[in-house]
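> Shown below is the structure under consideration.
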Amino acid sequence: MPSSSAADPFHAHDHGACRGEAMRAAEAACRARKLRLTPARAFVLETLLESHQAMTAYEVLDRLAGAGLGSQPPVAYRALDFLVANGLAHRIERLGAFVACTHGGAEHAAAFLVCRRCRRVAETALPRAMRGLIDEAAAGGFAVETVVVEAEGLCDACREAGA
Ligand SMILES: [Zn+2]
Ligand SMILES: [Zn+2]
Ligand SMILES: [Zn+2]
């Protein structure tokens, strides 16, 4: 279940507000952590924030090229790497695509609900069971670095459209 402050990507909401809030949180996080949100990085983040649909690196590259910010794949990959490494965007392994973070700010582990039909993604907090696993691993001397929790299915709208 999405946290109370975040808009639910699968249902009608004021996406302009949702997007503005995510962009402000990202800018604040960059200022606080002295990270440089270059024009290409900011543009990629804005592009990902256009909707809650995950975008592939190639789709991002198309947009960068369209905006005259670079037509070479490394430009897109470097910007995406920066955003992912700093928790401003997430890579959805199931789709091989990216979404902007909707929880803003500090580094965090998250879980994702992924609609296989419309590619919209909802970010939720890591389930308690998974945090328990990480703690148990730590107690046993194993340091977990990454956890991928992606639940794939169909959102309301796609189910109604008869998948
Ligand atoms: Zn939204
Ligand atoms: Zn996030
Ligand atoms: Zn859907």
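The values are calculated or read from the model by the stated rules, or taken from the named source; none is laboratory data. Just so you know, these numbers come straight off a predicted model, no measurement behind them. Note: ideal-geometry Cβ built from the backbone for every residue, glycine included; neighbour counts use all protein chains shown. When the accessible area is computed, the model is the full protein with side chains, heavy atoms only, and any ligands, DNA or RNA have been set aside. Shrake-Rupley method; radii C 1.70, N 1.55, O 1.52, S 1.80 Å.
> May I ask you to order 117-123, 133-139 by the average number of other C-beta atoms within 10 Å around their residues, highest value first?
117-123, 133-139
> With a cut-off of at most 11 other beta carbons within 10 Å, and DSSP calling the residue loop, which chymotrypsin sites (Phe, Trp or Tyr not before Pro) in the range 61-153 qualify? Please list them.
When the chymotrypsin sites (Phe, Trp or Tyr not before Pro) of the range 61-153 are filtered for loop state and at most 11 Cβ neighbours within 10 Å, Phe142 remain.
> Also: Can you give me the C-alpha center-to-center distance between the range 131-159 and the range 74-128, rounded to a whole angstrom?
13
> Using only the heavy atoms of the protein chains and a 1.4 Å probe, how would Arg94, Arg36 rank by accessible area, largest first? Display every interim value, and only then the final one.
Numbers: Arg94 135, Arg36 170 Å².
From most exposed to least exposed: Arg36, Arg94.
> If you roll a 1.4 Å probe over the range 15-160 with all protein chains in place, what percent of the accessible area is carbon or sulfur?
The C+S portion of the solvent-accessible surface of the range 15-160 is 51 percent.
> Mind checking the range 1-87 for GluC sites (Glu not before Pro) that DSSP puts in a loop (not H, G, I, E or B) and that have at most 11 other Cβ atoms within 10 Å? Could you put the intermediate results ahead of the total?
Details: sites: Glu21, Glu27, Glu46, Glu50, Glu59; in loops: Glu50.
Within the range 1-87, no GluC sites (Glu not before Pro) qualify (loop, at most 11 other Cβ atoms within 10 Å).
> Quick one: net charge around Cys30, please, counting Lys, Arg +1 and Asp, Glu -1 for every other residue with C-beta under 9 Å from its C-beta.
Summing Lys and Arg as +1 and Asp and Glu as -1 gives +4.
> Just the Cα atoms of the range 52-97: what Rg and Dmax do they give in Å?
10.4, 30
> May I ask for the Kirkwood hydrodynamic radius of the range 121-163, worked out over all distinct Cα pairs and given in angstroms to one decimal? Show your work: numbers first, answer last.
Working: mean 1/r = 0.0779 Å⁻¹.
This gives a value of 12.8 Å.
> Still on this structure, I have one more. Plugging the Kirkwood radius over Cα pairs into Stokes-Einstein for the chain, at a temperature of 37 °C and a viscosity of 0.692 mPa s, what D comes out in µm²/s?
Diffusion coefficient, whole number: 197 µm²/s.
> Let me ask another. Given a 1.4 Å probe, how much area per residue of the chain is accessible, in Å²?
For the chain, the solvent-accessible area averages 57 Å² per residue.
> Sticking with this one: Top to bottom by accessible area (1.4 Å), largest first, where do Val84, Val60 land?
Val84, Val60
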